[in-house]
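Below is one structure; the comments refer to it alone.
Read-outs throughout are calculated quantities, based only on the coordinates presented, and are distinct from any laboratory measurement. Bear in mind the structure is a predicted one, so any value in this text is a computation, not a measurement. For neighbour counting, all protein chains shown are included, and Cβ atoms are generated from backbone atoms with ideal geometry for every residue, glycine included.
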Amino acid sequence: MLTEQICKIRQCHHDNLMARHFDPAYFASLSPAQQKRLQQIILTGIENPDSIMGAYAMHPEDYDLFQPYLDKMIRDYHNIKGELKQVSDWGSDERFDLRNIDPVLANSSMRVRVGRNLADFPLPGAMSKKDRLAFEKRMVGVFSGLVDSPDFGGRYLSLTPDSPYQISEEQYQQLVDEHKMFKDMSADPYLSAAGISSDWPYGRGMYESTDGQLIVWVGEEDHLRIMTMKRGALLNDIFARLRISLDAIERQGLVFARSATYGYVTSCPTNLGTGMRASLHLELPKLTKNGTTLEGLKQLTKTLGLSVRGAGGEHTEAGAGGLVDLSPSGRLQITEEEICRCLYEGIVALREIEQRS
Ligand code: ARG
């Protein structure tokens, strides 16, 4: 039944990697309990045949337990052949100053986030309501350490009904509009099928530092999405700040789930490795024909190892003046430093092509 359903999806949805790499013989070789576990992992890709990945891990160990299958999907998505080993390296003090490219880039909008999960909780898709509340409570303790430190300060805001940190619906909406807080996840069919948005909005919230440069999402697709954002010219600076923030958070006694092969464990196999997405907003009026299309630009950025989307987020077109959001596509088998360099060099190349166009 399951096998037939997946084979049907494979015929019509060639990009669904869950279906592409599903092997009925491997599935049959698993114990009934393991089959049940695997089914929960791939349910999102069965219920949403248009998925590009079609799976979310439910426990950090899933990547080892179901490696014969998940590894094929991971390698296919991340385009990895041969040995796979994730090494973390944030690099030295090299400066990547956007003003060296053009003084007009002095006030660029830069943002870097990483996904992190705690080793001692199930991943979000398998959390019970009790887990979600216990996890949030743990994080409130961590954030109070940051709030008390002069380097961070700030506050924690919760969506959990009756939490002492609870914010109003209006406050929440305003944070979403400001791109600081995540949207109502229960509206996302991929996350919902995986159980990741269950018990919404319990155990969900965000921390924001006094200067607004550090934001931590609690209880979205990963336990934590930790991000630094800033307007400026020093790309390396925002990476360094993220690293310092991560160290400060870990020092509060958290252990992040890691895999020897895949690096930081994330719910979605697309984010494994660094768990990092670094982005910059750039105006490319000629290459976007003033925002009419991103299609041509997508081909071009691909050759530079970058992904492009509208400045308004996923599935949006370019904004006024041809404003787009650029980010290195690589997450796995790449270091944090290489991601920074890829973004910088990509901007150099794109600005050159834009000026010649
Ligand atoms: N689960 C969705 C899919 O397989 C999203 C994948 C990438 N996006 C993400 N937010 N993890 O198509």
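Being without any contact (Cβ under 8 Å) to a residue 40 or more places away in the chain and surrounded by 14 or more Cβ atoms within 10 Å (Cβ to Cβ) is the filter; apply it to segment 3-26 and report the residue that is nearest to the ligand (Cβ to nearest atom). Give the steps one after another, and end with the answer.
Within segment 3-26, the first condition is being without any contact (Cβ under 8 Å) to a residue 40 or more places away in the chain, and the residues that meet it are 3-4, 7-8, 10-16, 19, 24-25.
Now narrow it down to the ones that are surrounded by 14 or more Cβ atoms within 10 Å (Cβ to Cβ): 10, 13, 16, 19.
Values: ARG10: 15, HIS13: 10, ASN16: 8, ALA19: 11 Å.
The extreme case among them is ASN16.
Inspection of segment 225-237 finds a residue satisfying the criterion of being in contact with a Phe, Trp or Tyr (Cβ under 7 Å, 6 or more places away or on another chain), within 16 Å of the ligand (Cβ to nearest atom) and within 30 Å of ASP199 (Cα to Cα). Across segment 30-74, the number of residues qualifying as more than 13 Å from the ligand (Cβ to nearest atom) and within 18 Å of the chain's Cα centre (by Cα) comes to 4. Residues of segment 27-50 that are among the aliphatic types (A, V, I, L, M) and free of Cβ contacts under 8 Å to residues at least 12 places away in the same chain: ALA28, LEU30, ALA33.
Taking first residues from segment 51-65 that are touching a residue at least 40 places away in the same chain (Cβ under 8 Å) and closer than 18 Å to ASP222 by Cβ and partners that are near the ligand (Cβ under 7 Å from one of its atoms) and in a loop (DSSP other than H, G, I, E, B), the Cβ contacts under 9 Å between residues at least 6 apart in sequence or on separate chains come to MET53/CYS268; ALA55/CYS268; TYR56/GLU221; TYR56/CYS268; ALA57/CYS268. For segment 234-251, the candidate set comprises residues that are surrounded by 20 or more Cβ atoms within 10 Å (Cβ to Cβ) and in contact with a helix residue (DSSP H, G or I) (Cβ under 7 Å, 6 or more places away or on another chain); within that set, the residue that is farthest from GLU336 (Cα to Cα) is ILE249.
Residues that are in a loop (DSSP other than H, G, I, E, B) and aliphatic (A, V, I, L, M) are absent from segment 197-210 altogether. Do we have GLU250 as of a type in the set (Asp, Glu), free of Cβ contacts under 8 Å to residues at least 24 places away in the same chain and within 30 Å of GLY154 (Cα to Cα) here? Taking the combined requirement at face value, the residue satisfies it. Restricting attention to segment 252-268, the residues that are in contact with a helix residue (DSSP H, G or I) (Cβ under 6 Å, 6 or more places away or on another chain), more than 16 Å from the ligand (Cβ to nearest atom) and not small (Gly, Ala, Ser) add up to 1.
Looking only at residues in segment 145-196 that are aliphatic (A, V, I, L, M), within 16 Å of the ligand (Cβ to nearest atom) and assigned to a helix (DSSP H, G or I), the one that is surrounded by the most Cβ atoms within 10 Å (Cβ to Cβ) is LEU191.
Per-residue answers, yes or no, for (1) farther than 30 Å from ASN236 by Cα; (2) of a type in the set (A, V, I, L, M); (3) touching a Leu at 6+ places or on another chain (Cβ under 9 Å):
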{"position": "ASP62", "(1), (2), (3)": "yes, no, yes"}
{"position": "TYR69", "(1), (2), (3)": "yes, no, yes"}
{"position": "LYS85", "(1), (2), (3)": "no, no, no"}
{"position": "ARG113", "(1), (2), (3)": "no, no, yes"}
{"position": "PHE143", "(1), (2), (3)": "no, no, no"}
{"position": "ILE167", "(1), (2), (3)": "yes, yes, yes"}
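The set of residues in segment 122-162 being of a type in the set (Ser, Thr, Tyr) and under 24 Å from ASP211 (Cα atoms) consists of SER144, SER149, TYR156, SER158. Just one of the numbered conditions (1) outside any loop (DSSP other than H, G, I, E, B); (2) small (Gly, Ala, Ser); (3) on the phi > 0 side of the Ramachandran plot is not true of SER327: (3). I'd like the full set of residues that are among the hydrophobic types (A, V, I, L, M, F, W, C), without any contact (Cβ under 8 Å) to a residue 60 or more places away in the chain and surrounded by 18 or more Cβ atoms within 10 Å (Cβ to Cβ), limited to segment 301-344. Scanning segment 301-344 gives LEU304, LEU306, VAL308, ALA311, ALA318, LEU323, VAL324, LEU326, CYS342.
Segment 1-68 holds helices (runs of 4 or more DSSP H) entirely within its bounds, and those carrying 2 or more residues that are more than 24 Å from PRO124 (Cβ to Cβ) map to 2-12, 24-29.
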